[in-house]
Amino acid sequence: MDSPVSKSDASKEKFVGSPRPSSTTTADSKAMRGCGLSNLTWVGVDKVELRQRLMMPEYLRLAMRDCIKRKDSTAIPDHLLLPGGAVADMAPHAPMVVFINPKSGGRHGPVLKERLQLLMSEEQVFDLTEVKPHEFVQYGLACLETVAAKGDECAKECRARLRIMVAGGDGTVGWVLGCLGELNKEGKLPIPPVGVIPLGTGNDLSRSFGWGGSFPFAWRSAIKRTLHRASMGPVARLDSWKILVSMPSGEVVDPPYSLKPAEDNELDQGLDAGIDAPPLAKSYEGVFYNYLSIGMDAQVAYGFHHLRNTKPYLAQGPISNKIIYSGFGCTQGWFCTPCVNDPGLRGLRNIMKIHIKKANCADWEEIAVPKNVRSIVALNLHSYGSGSHPWGNLKPDYLEKRGFVEAHCDDGLIEIFGFKQGWHASFVMAELISAIHIAQAAAVRFELRGGDWRDAFLQMDGEPWKQPMSTEYSTFVEIKKVPFQSLMINNE
């Protein structure tokens, strides 16, 4: 039987770079690839020129610093304001700020922070343990807007041209994107585009926009090129997806930081939950950019995160993280389900129903949960699980047969697929086979009901949690596209 994956596409490299001069050292070439720079010609970046390109005038840097520190966007000392306002020509070509998560993969943050402060300025580099993204948006960006409103053309241009780099993993990038998304709701445009310095374990957002999959060992020269490329890279669009978890009010859940209590239960009324809906429900909501998964893979991630939080000395870098992660997969039955387990516990179809809305369709329809599937993923990006493409590069005739279209991260659709168990997932991740294609949808509702299962495990962009399930009433997990798109700096 013909494979739905095109063999010619499957054999292609994900990132193909042009040949480099023979004088390029092995360490430097690895650094370039790690920072997503393998497609650039080996050209030196002048440190002074880069600084002039990125650094805002001192009076604006200090004004932003004071506003953030005082948590007041109007707390600008008079001596920092230029009489009559500065002219637009004083604004740098690409003013930039960088957020660093010092806890992300390998703990490279503190060293990188010092290097970035030398290349840019101390006031434009933010440690996320000290300044949160929403504080920068609420007080830092607002400070530029306040100064611009006083007639300062330089502040106006800095606000309009601003770009942001995030040094961290996918969760950190999503955190920053979520805070910037609030600007859309308030009508405060333009939204600054975001680039990535990959410090996480998977770095799928970074891979998807050409910034590479790992933090290089020889990074000092590569980081200059990264900032230079970020200052002029084209801007791409990224769909974001809102998740609403509605559950019986008596259940207790410890959600990840990306899920917040929702004031109202906003489940789509076009699909009647009927008698399965609890009379009293509490809800959580959040936004994801890459994926939501339910099942065994989320259970393994939950165990790994619990260990990392209780024994942080074990999390020394991406390699050690992946070894520990694999160990959890083996011990929790992802690769081999113990024979003593009740067969009813082995597949998600025993606890789950799936309803979807297709593109340009207002009606919900129920779709079958495939037999023996132990993990289901709703994926927005091509990259998943450290650079794999589980949806696959599908042949046109297969797409037509299934009613699918070619997947893109800005097409308003999300791909839903399943894994049977660890061995199946391993072959999929190696791109030897495709995952089990379930649906392509503009909206999704998962309905979870207990029974022999006491808990389900979910994860959203790498942040897992344990979801309690009731035997009397259903828990609903609904996914809908956010009306606005996020902006990413593309390095491909």
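The values are calculated or read from the model by the stated rules, or taken from the named source; none is laboratory data. As the structure is a computational prediction, the values presented were derived from the model and not from experiment. Reconstructed Cβ throughout: ideal geometry from the backbone, glycine too, with neighbour counts over all protein chains shown. Only protein heavy atoms, including side chains, enter the accessible area calculation; ligands, DNA and RNA are left aside. Shrake-Rupley method; radii C 1.70, N 1.55, O 1.52, S 1.80 Å.
Provide the per residue accessible area, probe 1.4 Å, for region 219-302, rounded to a whole number of square angstrom. If you can, show how the numbers build up before the last one.
Working: 3620 Å² over 84 residues.
Result: 43 Å² of accessible area for each residue.
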Long pairs among Lys150/Lys480; Lys282/Lys481; Lys260/Lys420; Lys47/Lys188; Lys132/Lys282, criterion Cα-Cα beyond 29 Å: Lys150/Lys480; Lys260/Lys420; Lys47/Lys188
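Please report, as a whole percent, how much of the solvent-accessible surface of region 117-226 comes from carbon and sulfur atoms (probe radius 1.4 Å).
Values: 1750 of 3540 Å².
Using a 1.4 Å probe with all protein chains present, region 117-226 comes out at 49 percent carbon and sulfur.
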Å² of accessible area per residue within region 104-190, as computed with a 1.4 Å probe and no ligands counted: 37
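Within 10 Å, count the other beta carbons around each residue, average over each peptide in 353-364, 406-417, and list them highest first. Can you show the working numbers first?
Details: 353-364: 15.1, 406-417: 18.9.
Packing proxy ranking, top to bottom: 406-417, 353-364.
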Cα centroid separation - region 360-432 against region 266-303, whole Å: 19
Normalised alpha carbon radius of gyration of region 355-492 [divisor 2.2 N^0.38 Å]: 1.11
Fraction of accessible area attributable to carbon and sulfur, region 344-492 (%, probe 1.4 Å): 48
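Provide the packing ranking of 136-143, 264-271, i.e. peptides ordered by the mean count of other C-beta atoms within 10 Å per residue, highest first. Please report the intermediate quantities before stating the final value.
Working: 136-143: 21.8, 264-271: 13.4.
Peptide ranking by packing, descending: 136-143, 264-271.
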